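**Student:** Below is the structure I would like to discuss, written out as structure tokens.
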Amino acid sequence: MEGVEHSEGEGNYGLSMAIKIEKTFRVDEPVEKVWAFLSDPKKVGVCVPGAQITEQVDERTYKGAIRVKVGPSVTDYKGEVQIVRKDDAAHEIEILGKGQDVRGKGSASMKMTGKLCSVDGGTEVINISELNVVGILAQMGSRVIQEVSNIMFEQFVANFKKQLQSPDVAGTEATTAAAKPISAVGVAFSALRAAVTRHSGSEEAKPDPAKSPGDPGAK
Amino acid sequence: MAKKELIKLKINGAEREVAAEPRMLLVYFIREQLGLTGTHVGCDTSNCGACTVLMNGKTVKSCTVFAVQADGAEIMTVEGLPSNGALHPLQEGFKEEHGLQCGFCTPGMLMSSYALLKKNPNPTEAEIRWGISGNLCRCTGYQNIVKAVQFASKKMAQGGK
Amino acid sequence: MQKTSAEISGMGHSMKRKEDGRFIQGKGNYVDDVNLPHMVYAQMVRSPYAHARIKSINTDAAKKVPGVLAIITGEDLAKANLAWMPTLSYDKQMVLATGKVLFQAQEVAFVVAEDRYAAADAAELVEVDYEELPVLVDPHKAMDADAPLLRDDRTEKNNKIFHWEVGDKAATDKAFKEAAVVSKVDALSPRCHPAPLETCGCVADYNKATERLTVWLTSQAPHAHRTVFALVGGIPEQNIRIISPDIGGGFGNKVPVYPGYVCAVVASLTLGRPVKWIETRSENLQSTGFARDYHMTAEVAADKDGKVKAMRVKTLADHGAFNAAAQPTKFPAGLFSICTGSYDFPNAFCEVDGVYTNKAPGGIAYRCSFRVTEAAYLIERVMDVLADDLKMDPVELRKKNFIPAAKFPYKSPLGWTYDSGDYHAAMKLALDTVGYDALLKEQAEKRKKGELMGIGISSFTEIVGAGPAHTFDILGIKMFDSAEIRIHPTGKAICRMGTKSQGQGHETTYAQIVAQELGIPAKDVQVEEGDTDTAPYGLGTYASRSTPTSGAATAMAARKIREKAKKIAAFLLEASEEDLEWEPGKFFVKGAPSKAKTIQEIAFAAYTNIPPGLEAGLEAVDYYDPPNLTFPFGTYIAVVDIDKGTGEIKVRRFVAVDDCGNIINPMIVEGQIHGGLTEGFAIAFMQEIGYDENGNVQGGTFMDYLIPTAVETPHWETGKTTTPSPHHPFGAKGVGESPTVGSPGAFVNAVVDALSHLGVKHIDMPITPWKVWNILKEKGITG
Amino acid sequence: MIPPAFEYLRPKTLPEAVGLLQQHGDDAKILSGGQSLIPMMKLRLARPSHLIDINRIAGLSYIKEDGGFLKIGGLTREVEIEASELVRTKYPLLLDTATVIADPQVRNMATVGGNLAHGDPANDHPATMLALGAQIVATGAKGERVIAIDDFFVSLFTTSLEHGEILTEIRIPIPPPKSGGAYLKLERKVGDFATAAVAVQITLDGAGAVQKAGIGLTNVGPTPIRARSAEAALQGKKLDAATIGAAAQAAADAAQPSADLRGPAEYKKGLIKELTKRALARAAERAGK
């Protein structure tokens, strides 16, 4: 089962920016190992291209940031990731991520529902992601948002499989430091250090935080 | 703020030298640094053509060119159309054929038409329509603008200029 | 009416426009061209959300940008009781958001800095923490029990703005029950935007020393705006001067007061420096007055022969987040009740419900006299549906039901008194011009070959020129308009008006009226508008009201001058007034044409040789209150060809026959018609401000809100009939909006006609190639 | 409307430009025509730290036949393509394409290289170059490398140009006799991106059968698409209605459009089918001449 849905509204209410991606994929690992990974936002977060978990707020809530880079366009979001529902027995999880553009141009949110099924030695991951974009990107980018989502999701799956198979996954905590960019779309990891420091007021204002020379995400 | 760059250019025949931030768009440079307000801003997505000027003889949307790129260039704006105190036949044509109403698109229209006639002194109606297709007008429906260009084309052929 | 010489160029002359000289030389003076010493620049911070609670606004980082002078938020304005302002429809609107935002691109903070660059950089750094709320974009859901409540500031805890109805419901329902045929159409007049090429903006300059505020404003109604500023801002009205300089198109967009204006004034009052605020195109499309968004249902009852018996209309009006419609007070749905159109309906009933949604506020008239475009489109559409239901030629159906010329003045079932009309004459001229019979033949042949061609008719009636004052006001100010004429000693004149041209050519046409009435050559008459310090009070230019109101006032003021001139002439000629006769430009003694005094000689005498007992000078003011509206009309015919493979529609021909009564300047009238038809074309085929379910604007820039270029725009063929208005001083009616009002129906009718043999009854605007292709695909014609 | 601040650099030579690009990293962008980049900067969707203006580098603007190729310099403006006699007489597909890009003012500035390097599937030249089987010459620190057009478009807005490389030349194999091409674009209005567009280049053999065909599709997927199955459907066949129909259907099947304001996905597929038919007919007519 695999599909992309781009719902169209009734009448003249035009297109919906809600993009739903359903995808089922298989990993050759036992279900418990996959569950341990999937149910930890710090680990899953690393698989989302350009995303990073910066802080754990409580048991179910994390702070994070994501940089979405499409060609010359760059959008930085920061926000929260929350585990809305987690069923260890059924291996089902619902995660809600919400971020505001750091320059006030909008927001993006994604609801991801993951369910694991044990199938002949491996695990089937059933993933439904619903993406909502608000603001200038949703106004201007209707022609690319869906493409970007598809690409990001494919990369997520690739990263997920790769991370899961890396030897340290089961034991140690996944690192919160930015990994090397792995994106074919040029989706780069970024800690958004400048934006965060500006927010906390600990550094003098810069007209353009994205260009901070110390940006660890820069190549 | 990035450091300012010295921009030296010739506008409507006059040499000017003004420093500007690299991000300054040519249209604001012309309007606000050089004080020539005939060139207008009508949109923010490079669609409307109200800001059309000639850069080295070719029309450009001056909202989609940085002023630094025009360093060393020759710029011509609507203010440079008349010669020896006489209106250009295109300017006459726009008035004679009622090719303008609110006047906001007119300078850009004139510059596109000017470039068109330079390239093609005797354009067909279709060629005129394509020639001004980078300029939006909300008032005239273009029909009289086409006539205005035809007026100028005829007048120039008769040695008007 | 006596036609004047070319030298005088009174009415009926295609005089070249007096205002063109500065525009063709790049010397127009638009608001953004105003450059004052010490002027600073402003940028609005806008909401990316359609509905959200504002948890906090942090301006610390923004304030640190070098050059930033002030950042104003809603809370700051609230301290001065300015966080909200009244709209033109007795609602209120947030100037800067407090508590929550109600539409995407709503004004949240106002950044003022030494230059544009600092203002733009700082605006990005204003941090607003929002909590998203459920978004309501579908007006049909606005009254549902589970719909989010948008306006929690109101006492009524629902999303309903108004219910308005007119007509005899019982009689109409009865007629429907008894009717042989009932035809119905659900038609959307989609949300669109006037998008004049110049966006809205202002330069506000408060002088602390003189305590005077001068505002250069993109205003179609400077006097009304001055009064609003005085009432809202508490500044004595004599200390406010509004200057509407050259305006780069208005089309209704520049009637309301926008938050940016108020903020710029507040910033100038605070800083004591001139503040320039010019919105970008995207801001213009996304936040300032939209038009239409009428969700309409029309039913027509008729007998078997197609004689109409009754009309019933039900409409849902989406007004967005605030009811900022520019409408006369007593008419929450404007003049929508003109929806019986050119047809003699014995009965009619019309009701409109207005609702709030999470969209930009507005409801202004886009080149339209208060909802007339919606009405004309609806009746012309439903008449075609009726014709199709009856298998009748739409031309025959219209002719059968036209209000006959002999019935004027005609009282419509919804309460209007049409002043004059001859609908058959306009229809005949249009049919003859387009060659209707030959087209019908061609269409029949093409259909046999499987080709798609359509002919669309629209025989519209307009209603323009509000007043009369007894019925029409905006915020209580009666809808008269004014003219003041002063004749100088050398016989030249200056004429000042309460209206404001935005490209209509007032500097020429008003001068021609003076020329017609006084014989002073139009070139010698200076026309000035837009400066509230000098012009007489008026309600401004929109709804095709300039000629019916200020134009009439000009004639009336000129006639007052002529009366005085007659006294002076009598004195100069040593004749009695009764013995004098007038021809444009001079009084002469009956039977002795050589004994004459020109208006110039009379003017000179008014200052140099004043008759005893008479005041010096030669001037007059007139505030004209029209006794009725005027009702221009016409027949438009569109011929379209459809490309089956791509769904593209080509407008092959378009014939527009207009009747706007007596014409001041035929060249200008034709130009107005070209422009209006082009806007109607865009509305029919290209334009829509849509919203997705999150309230994101779709069509918020010129990349997606499509303005046709010269390439797409059809060639227009125009024609005219002349049926003067019986009550207007020189029989004129107003024309600027007829083409926008009348043409969408013709375009849509033509496309539907091309597909009618496939069972298609209606397609909503904008009719894009993909909509057509989808229909063809569904019918198995393409794909 | 006010772009974010950036540093402006204007190298005089290609090596200098490449050096600057490497020195300033990923946030540095090449400014050639600027007609895609500057609008994005004005909306603050793009915020490069450095702009490296290559417009003053000599020798990057030319249109010439050389060594079996039509060679187009990376900095060649669209208007120069339109005005080229060589293009007009021998490369109708290229001429078709250049004349429907944006509007006259934009074409005076926009470059062919930029149109390709931007990697935007909505741009017009990519499909054309796919149909023509072009090659891209990229110049970097290590010198030039040639990239086959089929390997050039990687993903949305992403090409196989490496950071530090500049697109300096486009090479189009000189078409043999009995070749012809056409580009057909449906746009909502002049200046809009294509709702869909099709580029076709064919070469006929002596008997009038298709010897070689190239078909490229614009704005119907995350990258410009080469419709290989459609090309295969033509191979060795005469361009009768059945063949054209089969190729058109194959082209439509190759399209992966998304819905947007220009129309639903199904419509765009339908357009590809229709435009492919028409482009093939026009290309055949031109090839036959």
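**Student:** In the stretch B:120-160, what residues are outside any loop (DSSP other than H, G, I, E, B), open to solvent by 40 Å² or more (accessible area, probe 1.4 Å) and away from chain D (no Cβ under 13 Å)?
**Tutor:** B:125, B:147, B:150, B:151, B:154, B:155, B:156, B:157 - these are the residues of the stretch B:120-160 that are outside any loop (DSSP other than H, G, I, E, B), open to solvent by 40 Å² or more (accessible area, probe 1.4 Å) and away from chain D (no Cβ under 13 Å).
**Student:** Looking at (1) at negative phi; (2) surrounded by fewer than 24 Cβ atoms within 10 Å (Cβ to Cβ); (3) without any contact (Cβ under 8 Å) to a residue 40 or more places away in the chain, which one does residue C:227 not meet, given that it meets all the others?
**Tutor:** Going through the list (1) at negative phi; (2) surrounded by fewer than 24 Cβ atoms within 10 Å (Cβ to Cβ); (3) without any contact (Cβ under 8 Å) to a residue 40 or more places away in the chain, residue C:227 breaks only (3).
**Student:** Sticking with this structure for a sec: Given the structure, is residue D:11 closer than 18 Å to residue D:111 by Cβ, in a loop (DSSP other than H, G, I, E, B) and away from every other protein chain (no Cβ under 13 Å)?
**Tutor:** So residue D:11 fits the description; yes.
**Student:** Another one. Suppose we filter the stretch B:1-25 for residues that are assigned to a strand (DSSP E or B), within 8 Å of chain D (Cβ to nearest Cβ) and either open to solvent by 30 Å² or more (accessible area, probe 1.4 Å) or within 16 Å of residue D:7 (Cβ to Cβ) (or both); how many remain?
**Tutor:** 1
**Student:** A further question follows. Output the residue which, of all residues in the stretch D:181-208 that are within 14 Å of another protein chain (Cβ to nearest Cβ) and not in a strand (DSSP E or B), is surrounded by the most Cβ atoms within 10 Å (Cβ to Cβ).
**Tutor:** D:191
**Student:** Given the options D:64, D:29, name the one that is at the interface with another protein chain (Cβ under 7 Å from one of its Cβ atoms), open to solvent by 30 Å² or more (accessible area, probe 1.4 Å) and free of Cβ contacts under 8 Å to residues at least 60 places away in the same chain.
**Tutor:** D:29
**Student:** Moving on. Specify the residue that is surrounded by the fewest Cβ atoms within 10 Å (Cβ to Cβ); the eligible residues are those in the stretch C:192-218 that are assigned to a loop (DSSP other than H, G, I, E, B) and more than 14 Å from chain B (Cβ to nearest Cβ).
**Tutor:** Ranking the qualifying residues of the stretch C:192-218, first place goes to C:209.
**Student:** Here's another thing I want to ask about it. Which is over 30 Å from residue D:48 (Cα atoms) and touching a strand residue (DSSP E or B) at 6+ places or on another chain (Cβ under 7 Å), of A:95, A:66, A:53?
**Tutor:** Only one candidate passes the filter, namely A:95.
**Student:** If you take the residues of the stretch C:679-693 that are open to solvent by 10 Å² or more (accessible area, probe 1.4 Å) and either in a helix (DSSP H, G or I) or among the acidic types (Asp, Glu) (or both), which of them is nearest to residue C:723 (Cα to Cα)?
**Tutor:** Per the stated criteria, the residue is C:681.
**Student:** Let me ask something else. All but one of (1) touching a strand residue (DSSP E or B) at 6+ places or on another chain (Cβ under 8 Å); (2) more than 30 Å from residue B:106 (Cβ to Cβ); (3) open to solvent by 10 Å² or more (accessible area, probe 1.4 Å) hold for residue C:529; which doesn't?
**Tutor:** Answer for residue C:529: the failing condition is (2).
**Student:** Being open to solvent by 60 Å² or more (accessible area, probe 1.4 Å) and either within 26 Å of residue C:648 (Cα to Cα) or touching a residue at least 60 places away in the same chain (Cβ under 8 Å) (or both) narrows it down to one of D:256, D:235, D:211, so name that one.
**Tutor:** Testing whether each residue is open to solvent by 60 Å² or more (accessible area, probe 1.4 Å) and either within 26 Å of residue C:648 (Cα to Cα) or touching a residue at least 60 places away in the same chain (Cβ under 8 Å) (or both) leaves just D:256.
**Student:** Could you tell me whether residue D:171 is buried (at least 21 other Cβ atoms within 10 Å of the Cβ) and either out of contact with any helix residue (DSSP H, G or I) (no Cβ under 9 Å at 6 or more places or on another chain) or more than 14 Å from chain A (Cβ to nearest Cβ) (or both)?
**Tutor:** Considered against the rule, which asks whether it is buried (at least 21 other Cβ atoms within 10 Å of the Cβ) and either out of contact with any helix residue (DSSP H, G or I) (no Cβ under 9 Å at 6 or more places or on another chain) or more than 14 Å from chain A (Cβ to nearest Cβ) (or both), residue D:171 comes out as yes.
**Student:** Another question, then. Residue under question is residue C:334, and the condition is that it be surrounded by 24 or more Cβ atoms within 10 Å (Cβ to Cβ), out of contact with any Leu (no Cβ under 8 Å at 6 or more places or on another chain), more than 30 Å from residue C:301 (Cβ to Cβ) and of a type outside the set (Ser, Thr, Tyr); does it hold?
**Tutor:** Against the criterion (surrounded by 24 or more Cβ atoms within 10 Å (Cβ to Cβ), out of contact with any Leu (no Cβ under 8 Å at 6 or more places or on another chain), more than 30 Å from residue C:301 (Cβ to Cβ) and of a type outside the set (Ser, Thr, Tyr)), residue C:334 does not qualify.
**Student:** Still on this structure, I have one more. Looking at C:725, C:756, C:738 in this structure, which one is modelled with pLDDT of 95 or more and open to solvent by 10 Å² or more (accessible area, probe 1.4 Å)?
**Tutor:** Residue meeting the stated conditions: C:756.
**Student:** In addition: Of a type in the set (Ser, Thr, Tyr) and either closer than 15 Å to residue D:196 by Cβ or within 14 Å of chain B (Cβ to nearest Cβ) (or both): is that true of residue D:128 in this structure?
**Tutor:** yes
**Student:** To continue, here is another question. Is it true that residue C:425 is within 22 Å of residue C:629 (Cα to Cα) and in a helix (DSSP H, G or I)?
**Tutor:** yes
**Student:** Picking from C:537, C:542, which residue would you name as being surrounded by fewer than 24 Cβ atoms within 10 Å (Cβ to Cβ), within 25 Å of residue C:223 (Cβ to Cβ) and not charged (D, E, K, R)?
**Tutor:** C:537
**Student:** Now a separate question. List pairs: first in the stretch C:375-387 and on the phi > 0 side of the Ramachandran plot, second modelled with pLDDT of 95 or more and not acidic (Asp, Glu), Cβ under 7 Å, 6+ apart or cross-chain?
**Tutor:** none
**Student:** Just for the stretch C:253-287: of the residues that are in a loop (DSSP other than H, G, I, E, B) and away from chain B (no Cβ under 14 Å), which one is most open to solvent (accessible area, probe 1.4 Å)?
**Tutor:** Here the answer is C:273.
**Student:** Do the conditions hold for residue C:182, that is, is it assigned to a loop (DSSP other than H, G, I, E, B), more than 14 Å from chain B (Cβ to nearest Cβ) and within 30 Å of residue C:314 (Cβ to Cβ)?
**Tutor:** No, not satisfied.
**Student:** Give just the number: which of (1) in contact (Cβ under 8 Å) with a residue 40 or more places away in the chain; (2) open to solvent by less than 20 Å² (accessible area, probe 1.4 Å) does residue D:92 not satisfy?
**Tutor:** (2)
**Student:** For the stretch D:138-145, check the following and say yes or no: at least one residue is surrounded by 22 or more Cβ atoms within 10 Å (Cβ to Cβ) and out of contact with any helix residue (DSSP H, G or I) (no Cβ under 6 Å at 6 or more places or on another chain).
**Tutor:** yes
**Student:** Checking the structure you have, find out if any residue of the stretch C:503-516 is surrounded by fewer than 24 Cβ atoms within 10 Å (Cβ to Cβ) and either touching a His at 6+ places or on another chain (Cβ under 9 Å) or of a type outside the set (Ser, Thr, Tyr) (or both).
**Tutor:** yes
**Student:** Among the residues of the stretch C:361-411, write down those that are more than 21 Å from residue C:312 (Cα to Cα), touching an Asp or Glu at 6+ places or on another chain (Cβ under 8 Å) and open to solvent by 40 Å² or more (accessible area, probe 1.4 Å).
**Tutor:** If the condition is that a residue be more than 21 Å from residue C:312 (Cα to Cα), touching an Asp or Glu at 6+ places or on another chain (Cβ under 8 Å) and open to solvent by 40 Å² or more (accessible area, probe 1.4 Å), then C:404, C:405, C:407, C:409 are the ones that fit.
**Student:** Sticking with this structure for a sec: What about residue C:99, is it more than 22 Å from residue C:119 (Cα to Cα), open to solvent by 10 Å² or more (accessible area, probe 1.4 Å) and not aliphatic (A, V, I, L, M)?
**Tutor:** So residue C:99 fits the description; yes.
**Student:** While we're on this one: Could you pull out every one of the strands (runs of 3 or more DSSP E) wholly within the stretch A:30-95 that has 2 or more residues that are among the charged types (D, E, K, R) and in contact (Cβ under 8 Å) with a residue 40 or more places away in the chain?
**Tutor:** It comes to A:61-70, A:73-87.
**Student:** Taking the stretch C:428-439 only, how many residues are under 20 Å from residue C:642 (Cα atoms), surrounded by fewer than 18 Cβ atoms within 10 Å (Cβ to Cβ) and in contact (Cβ under 8 Å) with a residue 40 or more places away in the chain?
**Tutor:** Number satisfying all stated conditions: 0.
The values are calculated or read from the model by the stated rules, or taken from the named source; none is laboratory data. Small disclaimer: the values here were computed from a predicted structure and weren't measured. Don't worry about glycine lacking a Cβ; one is built from the backbone with ideal geometry, like all the others, and counts go over all protein chains shown. These area figures cover heavy atoms from the full protein model, side chains too; ligands, DNA and RNA do not enter into them. Shrake-Rupley method; radii C 1.70, N 1.55, O 1.52, S 1.80 Å.
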